[in-house]
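Comments concern the structure below.
Just so it is clear, none of the values below were taken in a lab; they were calculated from the coordinates. Nothing here was measured: the structure is a model prediction, and the numbers come from that model. Here the Cβ positions follow ideal geometry from the backbone for every residue, glycine too, while neighbour counts run over all protein chains shown.
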């Protein structure tokens, strides 16, 4: 395959939008689809290639949209199908691809399918969910649900059986062993593909296949939520059929799977033989501390697991489920260096809305805690303006603002050429113009302790990325004839590289002076 034939998603940078927190336009304090549409020009100016929108389907919002009650409609909180179509059309007109979330493992307990399923044991939809006999005092196995130490089972008093839910009790698991379930979920994909979406981020997609015997896990793993442990061969069969469906639509649609397990080799298996996921999230790097050795280990694990399969990596530093990396790493200097790290690696980077502003997690007072998984802080609303309402209107938003919302508003940072926002914009522009950074091979370079350095090459283009994870100056003789193309702190850009990398600084170097 030539680089001209390379799928768009290999060289793209994807920007995740959590719609509740992006921008409110109707005054209810919750972000909406129109809020995304009105800020598409910001994303074009920033330089991303695609957006991924977290769930906006009809939902009781027990898990803030990941408990779906209708896969083929927009929740009124976010707008209407017409609003989505307008957003999609405007995004495409600006050259932006659009991915949406798809939640195949479970529905809401208010979905008509489950309402029917729990109405009686003889219901026509009973087999659409996972039910087991037993007594009210003893769940069928020792699987643990996410977000708590509770069992992944709830006793249904009316029908005298347990039902499985790997997440909240309000999120019953679909039983993909029932062919009608698979057929119905395929129809939900067709619905959005026909509307023109460019692909899907598939929520905990590794869980759609389960061992029919539902065996208990070993005692040493019983405290781990089962969603992080599940892997069954039937998942791969189902992914292959989903891939066939998605690939049958024109325009290079993409499947991005959330394989939420802590082992990169398990993640790699969900690519199949280029016949399952196009891309899979690999979370071990997200949880790596700000240490050179830890990051080198994670990068090598990723290359070792994916390269033999010719699978394309993904890289992510922040998302709606985890603390922002600015908060985890402890300083803006490190957040800036991490941006260079992320956008300098080989693979598809995913940015989380607000990381280009250097946002930290919001401090959530006890009275305003909402999320059962404790993820409110990273979901705080984005400040667009330095005014009191920050571009959201007069009403208090659904969550508190992040720290320094005035100084870290889009307008304030856009007015400051030295800001982290402009650093992201420079990095994205360089990545778009550089074949080496988009698609080039990866090779480690020798570097002193506390520093990681690597080379990217493609089609005559060559870049060197160097990241100093330490709090002292580092001196690294990399190769000759390099200039500083981008510095995470903005210092020395355009000058010859003199061999020094500052504390918590990262550089992109190129040949030619």
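If you rank 176, 8, 263 by fewest surrounding Cβ atoms within 10 Å, what's the result? Can you show the working numbers first?
Values: 176 22, 8 14, 263 17.
With the fewest neighbours first, 176, 8, 263 line up as 8, 263, 176.
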DSSP-defined antiparallel bridges as percent of all bridges, segment 94-230, nearest 5: 65
So residue 70 and residue 147, fully extended at 0.36 nm per residue minus their Cα-Cα distance, gain in nm 25.4 nm
Say R0 is 56 Å: what FRET efficiency, to the nearest 0.05, do residue 446 and residue 240 get from their beta-carbon distance? 0.85
Please tell me the relative contact order of segment 260-373 in percent, rounded to the nearest whole number, where contacts are Cα pairs under 8 Å and at least six residues apart. 23
Residues 59, 434, 331 in order from fewest to most other beta-carbon atoms within 10 Å are 331, 434, 59
How many angstrom separate the Cα center of segment 451-499 from the Cα center of segment 193-233? 41
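Would you kindly calculate the translational diffusion coefficient of the chain, applying Stokes-Einstein with the Kirkwood radius from alpha carbon pairs, for 20 °C and a viscosity of 1.002 mPa s, and quote it in µm² s⁻¹ without decimals?
The calculation lands on 90 µm²/s.
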Compute the relative contact order of segment 441-511 as a whole-number percentage, counting only Cα pairs closer than 8 Å that sit 6 or more residues apart in sequence. 32
Computed FRET value (nearest 0.05) for residue 414 with residue 5, which takes r as the C-beta separation and R₀ as 30 Å: 0.25
With label points built 7 Å along Cα→Cβ from the Cα atoms of residue 94 and residue 160, find their separation and express it in nm. 5.9
Where both partners of a DSSP beta bridge lie in the chain, what percent of those bridges are antiparallel, to the nearest 5? 60
What 222 nm value per residue comes from the helices of the chain, counting each DSSP H run with n ≥ 4 as -39,500 (n - 2.57) and dividing by all residues, nearest 500 deg cm²/dmol? -7500 deg cm²/dmol
FRET efficiency, 1/(1 + (r/R0)^6) with R0 56 Å, evaluated for residue 404 and residue 137 via beta carbons: 0.65
At what distance in nm do the modelled label points of residue 493 and residue 396 sit from each other, each positioned 7 Å from its Cα along Cα→Cβ? 4.0
Expressed as an acute angle from 0 to 90° and rounded to the nearest 10, what is the orientation of the C-alpha long axis of helix 420-433 relative to the principal long axis of the chain? 90
How high is the relative contact order of segment 323-364, in percent, with contacts defined as C-alpha pairs under 8 Å that are six or more residues apart? 58
Taking the Cα centre of each part, how many Å lie between segment 47-104 and segment 391-410? 22
On a 0 to 90 degree scale, rounded to 10, what angle separates helix 81-93 from the longest Cα axis of the chain? 30
Spin-label pair residue 300/residue 363, simplified geometry with 7 Å Cα→Cβ offset, distance in nm: 4.1
Taking Cα atoms only, helix 292-306 is inclined relative to the longest principal axis of the chain by an angle, in degrees rounded to 10, of 60
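Taking neighbour counts of Cβ atoms within 10 Å as a proxy for exposure, in what order, fewest first, do 357, 286, 491 appear?
491, 286, 357
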Among the Cα-Cα pairs of segment 112-164, the proportion with separation greater than 17 Å, in percent, is 36
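Multiplying the sequence separation of residue 183 and residue 477 by 0.36 nm and subtracting their Cα-Cα distance, what value in nm do you get? Before the final figure, lay out the partial values.
Values: separation 294, 0.36 × 294 = 105.84 nm, distance 5.83 nm.
Full extension of this stretch gives 100.0 nm more.
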